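Asker: Sending over a structure as structure tokens; questions will come in a sec.
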Ligand code: NAP
């Protein structure tokens, strides 16, 4: 492990999802001896999915956690170092940058931020317990498992409409549950969803309970009409929660430029407003949020960090 407090490292990578680990593989292969700092969910969001079938190179698919383990092994093979710990403070006002992990601190000449985003959840009982057992936050990842089934999608934004439409490729019926009577989604996505006969809209509706248990998986949901107060149970095989994501950027507020939702702003490639600080993956991407796009931007961040370090102190 690098010397705390005094040694200045070439590069520190915050986060160990596909973006962080790809950046680790590239910077390690460039002999930069990166230090990857990861928090309580090493491997990122993919560790909560089951089969990943759309990551190129795995014709039969690969389990999300296995894919992340392999990426980590690949990064370690080239000399990447890993530190488990919650980053409590980041100082990137002047170089070298300082990363505080509890009482320890680490300094670096370049920083790659790949802290990802967390799906916004409903906050209901069983929601987390049934994750991967009927409850999902990613139709692109899990839709395939619902061939011939009946599913529900919560949300009225672009993601919810895209996911509902995508799910009709597999499911026989898709219920959209939205808390108002007007969608937030763009007109084009709305029209596509309205025209799809497999999609049924439930307006003024919220999910008030998630039904099922660990053994049986999800069996249904309870819907509450917020206008009338009436509740009813609805059987379904899948519940896709599409009520937005929250980028994990609290540590960078006031330092790294971000949009009004908190996503880090990247200019050319992975560059942020601070020279030597790069951002990759979901932390700077509200649109695509795929493992492969995250990995691609991690690669860009690594190459840009390498070029930056080549320019000397
Ligand atoms: P979003 O635009 O924030 O929409 C979230 C939806 O979830 C809203 O309809 C909201 O309802 C609902 N919602 C939020 N919290 C809720 C709760 N606790 N319970 C029930 N419903 C709740 O998020 P998004 O759809 O993920 O989109 C994020 C960004 O990515 C947007 O800028 C979007 O344009 C973009 N995006 C673009 C595309 C595309 O262009 N193809 C695809 C996906 C995403 P209210 O409407 O009542 O607030």
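Asker: For the stretch 121-241, calculate the relative contact order in percent as a whole number, restricting contacts to Cα pairs under 8 Å that are 6 or more residues apart.
Answerer: 32
Asker: State, as an integer percentage, the relative contact order of the stretch 189-313 based on alpha-carbon contacts under 8 Å between residues 6 or more apart.
Answerer: Relative contact order comes out at 13 percent.
Asker: Here's something else I'd like to know. Could you check what % of the DSSP bridge pairs in the chain are antiparallel, to the nearest 5?
Answerer: The answer is about 50 percent antiparallel.
Asker: Next up: Modelled label-to-label distance, residue 275 and residue 182, 7 Å Cα→beta-carbon offset: nm?
Answerer: 4.8
Asker: Could you list 266, 140 in order of exposure, starting from the residue whose Cβ has the fewest other Cβ atoms within 10 Å?
Answerer: Listed from fewest to most nearby Cβ atoms, that is 140, 266.
Asker: Between the stretch 213-244 and the stretch 172-198, what is the separation of their alpha carbon centroids in Å?
Answerer: 17
Asker: Working from Cα positions, state the angle (0 to 90°, nearest 10) between the long axis of helix 18-29 and the longest principal axis of the chain.
Answerer: Computed tilt is about 20 degrees.
Asker: How much mean residue ellipticity at 222 nm does the chain get from its helices, if each DSSP H run of length 4 or more adds -39500 (n - 2.57) and you divide by all residues, to the nearest 500 deg cm²/dmol?
Answerer: Value at 222 nm, helices only: -6500 deg cm²/dmol.
Asker: Okay, moving on. Please report the relative contact order for the chain, taking Cα pairs under 8 Å with a sequence separation of at least 6, and give it as a percent rounded to a whole number.
Answerer: 21
Asker: What ranking of 88, 249 emerges when the number of other C-beta atoms within 10 Å of each C-beta is taken as an exposure proxy, fewest first?
Answerer: 88, 249
Asker: To make sure I understand, if each residue's beta carbon is the centre and we count other beta carbons within 10 Å, what order do 230, 173 fall in, fewest to most?
Answerer: In order of increasing Cβ crowding within 10 Å: 230, 173.
Asker: Continuing with this model, one more query. I need the shape label for the stretch 121-241. Rule: rounded when a/c is under 1.5, else prolate if a/b > b/c, else oblate, with a, b, c from the alpha carbon gyration tensor.
Answerer: In terms of gyration-tensor shape, oblate.
Computed from the coordinates by the stated procedures, all read-outs in this text should not be read as laboratory data. Note that the coordinates shown come from a computational prediction; the quantities given were computed from them, not determined experimentally. Every residue, glycine as well, gets a Cβ built from its backbone with ideal geometry; the counts of neighbours run over all protein chains shown.
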